[in-house]
Amino acid sequence: EDGEADTAALAAAGGGGGGGETRLTRRQRRKVTDGDVANSSVPGSTGSPSPVPGSSAHGGSAAAGAAATTAGPSGHGPGAASGHGSTVAQKVQERVELNVVTTIAAQELDEHEGIDEAGLREHEEVTKVKNVSSIEMGMYRMETWYFSPLPKELLASCGGIIDILYVCEFTLSFFTRKEELLRFQAKELPRERRHPPGNEIYRKGNLSMFEVDGLQERIYCQNLCYIAKMFLDHKTLFFDVDPFLFYVLCEVDERGYHPVGYYSKEKYSDVGYNLACILTFPAHQRKGYGRFIIAFSYELSKKEEKVGSPEKPISDMGQKAYLPYWTSTVVDFLLSQSDESELSIMDISKRTSIMSEDIVFALNRLGILKFINGTYFIDAEREHLMELTEAHPVKEPRVDPLRLHWTPFITDVKRDKFSIHTKKASIQQEYALKETNKKSSGGAGYHRG
């Protein structure tokens, strides 16, 4: 019944969905071949590697490891010349290949992996027709996009197809008739209970965020996932919502708190995911709420002193939602730290709580990650960063960390590999540590200049 699968969309296509969560497909093995070179440039160029057409995975992740594929000094790489004059051609080829930035071939997602042919045919037959035409929540009536496996008892009263599903925006209770909803709100809904269950952890202006525990509010969280499935095709639902926390974003007025979107996350993720599923309701898209929710998930990671990432593999729509946040955040950070002569990928990761492979992917797309003589460099001149800031601005509404009142679950830092305290020291810290060790060893090998 409940669950998540894909970190899906928000923005124009209407976001991801839900809670009690999922596993999309098993991570497929990535293959690196000589044909995976995404972009090559001569020294000084600023071209960025282009992703494989139709790809949905992080094409830039090769820079995080030893996945680079370039021709050796013998010049036997792609395009190496042979025959008369091959020596000159080889030298030119070597100069070009020194600056090749390579990426790993994108994963191909198969949401039906593991389902046999008979099961797939049955699944397509059941889900090809929407069982709810539209839902009415508060002031808005929204046409649904996909099939959602609502309880059979609810569907039975309408012959299997519901024209309009009425939803109480405060409790997410489902009704098939408007009279039932009005009677419920008039008699059974206390006036002080006009907000999501759980704790309000953020409030600024007319925006509020509530944390809802799936273990304590099962029905609310399951219904939230049913709604999410109506707007997200790549979402798998099952019963268990207990291991997840749901963060519901609301607009606040004199009538109460009106949900506009949400995201969910595992209470503890052994792979470092800080977001499992995300949804901005169609009536509230194009307001910047999707980006706000993504930024909020990283603010919680900062409070936890961890690095985080959305659940992988990420879909095409999920990537379109996350890439603007990653690029604008990285550019804004580099511009604010432009006085520092040296910065590592790990330095950026620690201070933004974005995983290193996501930072590499963003740098590749910005065209400022260079691979020269076997070493990666960030080409971040201040003038160029100013231009990138105009192209990738940090948009409103922004999350104000001072308005966030939240305490993370306590975990053993030494055993948590995603804690920033377990990450490798920066370049300056390593150098300072070496100098300290030299001094403490009695001066051996250390000379005052």
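Taken together, the values in this text are just the output of simple stated rules run on the coordinates, not laboratory data. Being a predicted model, the structure only gives us computed values, none of them experimental. FYI the Cβ positions are ideal-geometry reconstructions off the backbone, even for glycines, and counts take in every protein chain you see.
What the table shows:
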read-out	value
Only Lys, Arg (+1) and Asp, Glu (-1) charged, at Cβ; segment 184-338 dipole about Cα centre in debye	400 debye
Mean Cβ neighbour count within 10 Å, used as a protection proxy, ranking 174-184, 320-330, 396-406 highest first	320-330, 174-184, 396-406
Relative contact order (%) - segment 216-365, alpha-carbon pairs under 8 angstrom, separation at least six	16 percent
Magnitude of the charge dipole, segment 341-383, Cβ model with Lys/Arg +1 and Asp/Glu -1, debye to 20	80 debye
Counted charge near PHE292, where neighbours are those whose Cβ lies closer than 14 Å (Asp, Glu -1; Lys, Arg +1)	+4
Sequence ranges 150-158, 300-308, ranked by mean other-Cβ count within 10 angstrom, highest first	300-308, 150-158
Peptides 189-200, 380-391 ordered by average Cβ neighbours within 10 Å, highest first	189-200, 380-391
